[in-house]
1. Could you let me know the centre-to-centre spacing of the range 214-268 and the range 121-168, using Cα atoms, in angstrom?
2. Name the long-range amide H neighbours of C709: under 5 Å, sequence gap of 5 or more, or other chain; modelled H, no Pro or chain starts.
3. Starting with the highest mean, order 583-594, 191-202 by the number of other Cβ atoms within 10 Å, averaged over the residues of each peptide.
4. In Å, what Rg and Dmax follow from the Cα atoms of the range 315-467?
5. Hey, any idea what the orientation-averaged projected area of the convex hull of the range 603-722's Cα atoms comes to, in nm²?
6. For the charge dipole of the chain, defined by +1 on Lys and Arg C-beta atoms and -1 on Asp and Glu C-beta atoms about the Cα centroid, which residue among T294, T539, I155 has the Cα displaced farthest towards the positive pole?
7. Mind checking which lysines have their Cα closer than 17 Å to the Cα of K347? Skip sequence neighbours fewer than 8 apart in that chain.
8. Among Y377, Y415, Y604, what's the order by accessible area (1.4 angstrom probe), most exposed first?
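The values are calculated or read from the model by the stated rules, or taken from the named source; none is laboratory data. Worth saying up front: this structure is predicted, and the values here are computed from it rather than measured. Here Cβ is always computed from backbone atoms with ideal geometry, including for glycine, and neighbour counts include all displayed protein chains. The area values use the complete protein model at the heavy-atom level, side chains included, leaving out ligands, DNA and RNA. Shrake-Rupley method; radii C 1.70, N 1.55, O 1.52, S 1.80 Å.
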Amino acid sequence: MRLIPTIPYLYEHAAADGGGGVATALVMETQCPFCSVQCKMRLTESGDSAAGEVQYSVEAKPNRASEGRLCVKGMNAYQHAVSEDRILYPLVKRDGQFERISWEDAMALIVSRFKQIAQESGVDAIGLYGGGSLTNETAYLLGKFARVALRSKYIDYNGRFCMSAAASAGSKALGLDRGLTNPLSDIALAKCIVLAGTNVAECQPTLMPYFTRAKENGTFIIVIDPRETGTSKLADLHLKVRPGMDAALANGMLRSLLDEGLVDEAFVRERTRGYDTLRAHLMEQSVEEIAVMTGVPADSIRRAALTFGKASTGMVFTARGVEQQTDGYMAVRNLLNLVLLTGKIGKAGCGYGAITGQGNGQGGREHGQKADQLPGYRSIENPEHRAYVADVWGVDPNELPGKGVSAYEMMEKAYEGEIRALLVMGSNPVVSNPNASLVQAAMERLDLLVVADMFMSETARSADLILPVTAYLENEGTLTNLEGRVLLREAHRPAPGEAKHDWRILCDLAEGLGRGTYFRYEHAEQIFEELRLASRGGTADYYGITYDRIRREEGVYWPCPDTEGEGVGRMFETSFAHADGRAELIAVDNHFPAELTDEAYPIYLTTGRVLSHYLTGVQTRRSHTLASRDFESFVEMHPKTAKQYGLAEGKLAVLTSRRGEIVVRCRITRTIREDTVFVPMHWGDSQNVNVLTNQALDPTCRMPGFKVCAVSIRPFIANPSYEM
Ligand SMILES: Nc1nc2c(c(=O)[nH]1)N[C@H]1C(S)=C(S)[C@@H](COP(=O)(O)OP(=O)(O)OC[C@H]3O[C@@H](n4cnc5c(=O)[nH]c(N)nc54)[C@H](O)[C@@H]3O)O[C@H]1N2
Ligand SMILES: Nc1nc2c(c(=O)[nH]1)N[C@H]1C(S)=C(S)[C@@H](COP(=O)(O)OP(=O)(O)OC[C@H]3O[C@@H](n4cnc5c(=O)[nH]c(N)nc54)[C@H](O)[C@@H]3O)O[C@H]1N2
Ligand code: SF4
Ligand SMILES: [Mo]
């Protein structure tokens with residue numbers, strides 16, 4: 001790997017030290033750019049940059065969540081940031097080729113095209129698409145930019161595919177959505193833990209010791225997953241559910257609780273509403289029928305329910321396995337029913353956690369880059385909320401647009417021509433959206449696609465303009481980890497080439513659009529100061545949090561309405577966040593996936609992650625250490641399934657769904673259900689699994705059903721002797 005050409009400040013250091021080739025070091029206290037744990041680390045860059053000899057060393061730094069651990073992604077996260085693949089200058093596409101363009105010309109071009117498109121088709125013809133890797137400051141500013149600079153209603157972000165089911169379920173059931181309702185330290189106190197559709201071992205590896213510690217204390221761990229994973233190795237009981245059937249499985253568990261008299265009547269009476277309806281609904285459920293639907297034996301369903309119900313303390317965690325379903329909202333609600341009926345929330349060792357995904361998956365969903373949201377988790381449809389935020393922004397509330405549509409629906413609008421220009425900041429939608437072929441076509445049809453990224457992602461390739469942005473080592477800002485703890489990521493490395501901070505790009509564009517007076521910031525902290533005010537009094541209240549306080553306290557939990565008071569670690573100890581203080585129970589039907597298997601497409605496909613790669617792989621594939629661990633995609637398949645379709649370990653398989661086909665290599669393992677195959681999501685082009693996935697959305701939260709669609713499988717080369 002070659003490093004980006006030269007790092008001027010190292011020259012300066014060398015010269016100051018007496019010049020020519022003297023070794024210097026830059027020590028960076030930073031945090032990992034990848035998952036929601038946000039592990040802290042110290043990165044040291046040393047050597048002689050003049051001679052092109054630069055070395056890096058990484059040390060984990062203790063902080064409360066990671067306790068001084070780093071996983072393999074964190075250890076190697078510097079590699080992509082310093083790689084020569086970084087885009088260093090703005091690029092414009094002319095005659096199908098990218099050419100260097102100055103920032104001034106790039107901005108002038110975007111502004112004139114935005115103005116022209118708005119004039120011809122209205123402001124809603126311009127869309128914005130954000131991401132959960134962006135800092136709170138940028139995410140906040142992106143929302144403000146859409147509503148104040150462009151005044152377009154079309155803004156959404158990749159968190160729609162990530163957090164929307166759990167977020168809407170938490171908001172409706174508990175009155176507030178904060179990923180974990182407890183501090184991580186509560187895990188060791190839980191006597192029974194349900195891990196539903198979450199693969200912590202590969203996705204938040206530095207959290208595993210919390211669960212192993214619990215296990216050492218005798219905690220009973222129940223894993224719900226169609227596959228065996230690093231996480232299921234912890235399980236005392238593994239329910240290998242048929243993909244998409246978690247809501248039904250939870251009904252089986254709830255009915256068993258009722259049958260055994262394990263409902264916490266006092267808690268249900270005093271702290272919830274809706275029990276009578278739920279009870280009547282559960283009395284109509286049959287555990288035997290549910291066993292057939294879900295593929296989980298009735299005995300196992302009862303055992304899981306009894307163990308959880310009888311345990312003195314317990315926690316339920318969900319992640320994308322349960323949530324990325326066309327009934328993801330309801331599936332999470334039913335697992336929340338389990339928590340609430342047993343009274344296991346708001347006490348030490350009791351609670352619910354939706355394990356957040358992206359680095360700022362939590363903060364990114366709170367401050368306005370979602371179609372229907374204003375800062376502080378306020379609603380763009382609520383007149384009081386609009387008035388409050390408009391006042392902070394100094395605009396007339398009537399100027400603020402209404403709510404737009406969800407991420408995939410924006411892609412459909414681009415395909416249909418209603419959205420004509422799109423600015424993508426912090427996402428690679430061509431690989432991460434369902435039904436990716438339509439999304440690719442939508443990008444091609446846009447009159448103007450602007451992508452702000454560090455790399456030439458699959459989406460950037462289709463862009464008319466690419467704007468180079470700073471990476472985590474260069475861009476200061478706050479991120480909120482999976483516990484709801486707001487952390488400050490300091491930045492020490494100068495931007496390479498002409499890369500700019502995301503927020504700076506938004507300010508410059510606003511200036512060009514004649515709305516610069518609302519976007520005058522010199523540094524990230526000024527944006528955070530405004531965010532504090534804009535979130536004040538909202539459910540995600542950051543008012544009491546300041547950069548200085550975060551530095552002093554190593555992170556502060558929200559809600560934190562007061563600069564003196566503590567943030568809240570364990571939530572709902574005495575009341576829930578609804579006006580009446582109660583949590584809401586709800587009757588949930590036994591939903592089936594939007595697409596069932598049939599003769600033509602006889603196998604379920606589920607998708608997810610592996611340890612060494614991150615999301616669409618744009619960053620991790622540019623790290624030689626990580627890329628070499630898994631250099632291509634694969635399909636995980638049971639030996640019986642492989643035999644049935646003429647496949648074997650290492651052979652290439654063609655997977656076909658109603659939407660398209662991909663070619664991936666077989667990994668044969670007994671650890672997956674026979675009716676299901678698994679393909680990771682980290683590769684694009686001919687290995688992009690989202691070419692296969694179904695665009696059907698959850699009716700409540702608009703989450704796509706990434707975790708189940710129907711496919712057929714065949715060998716890539718029918719005669720095995722020809723295979724490479
Ligand atoms: N290494 C790595 N870590 C990551 C990421 C990454 O890309 N790579 N991404 C980050 C992000 S943004 C996210 S959102 C999180 C995701 O974290 P997770 O949600 O834990 O990860 P996934 O692998 O998508 O899915 C989890 C499990 O769900 C199972 N599953 C599939 N279908 C079903 C089903 O129908 N029901 C149930 N109960 N389980 C099912 C899969 O087999 C898988 O083991 O990880 C974060 N951490
Ligand atoms: N089939 C299937 N599809 C899925 C999922 C699944 O489980 N299965 N999971 C879904 C989930 S949970 C998620 S979160 C999405 C994620 O999907 P994407 O949003 O597409 O994920 P990333 O690969 O993180 O893309 C981020 C892009 O932004 C760039 N980037 C990183 N940091 C910054 C920054 O600070 N500023 C800017 N401007 N750019 C930056 C990266 O280089 C990269 O190109 O995928 C979803 N898609
Ligand atoms: S990927 Fe997640 S667990 Fe691994 S070092 Fe980064 S923040 Fe920590
Ligand atoms: Mo995610």
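1. Centre-to-centre distance over Cα atoms comes out at 36 Å.
2. L605
3. On the way: 583-594: 19.8, 191-202: 24.0.
Those peptides, ordered most packed to least, come out 191-202, 583-594.
4. 19.0, 55
5. Reported value for the Cα convex hull: 8.2 nm².
6. T294
7. Reachable lysines: K191, K310.
8. Working: Y377 45, Y415 75, Y604 20 Å².
From most accessible down to least: Y415, Y377, Y604.
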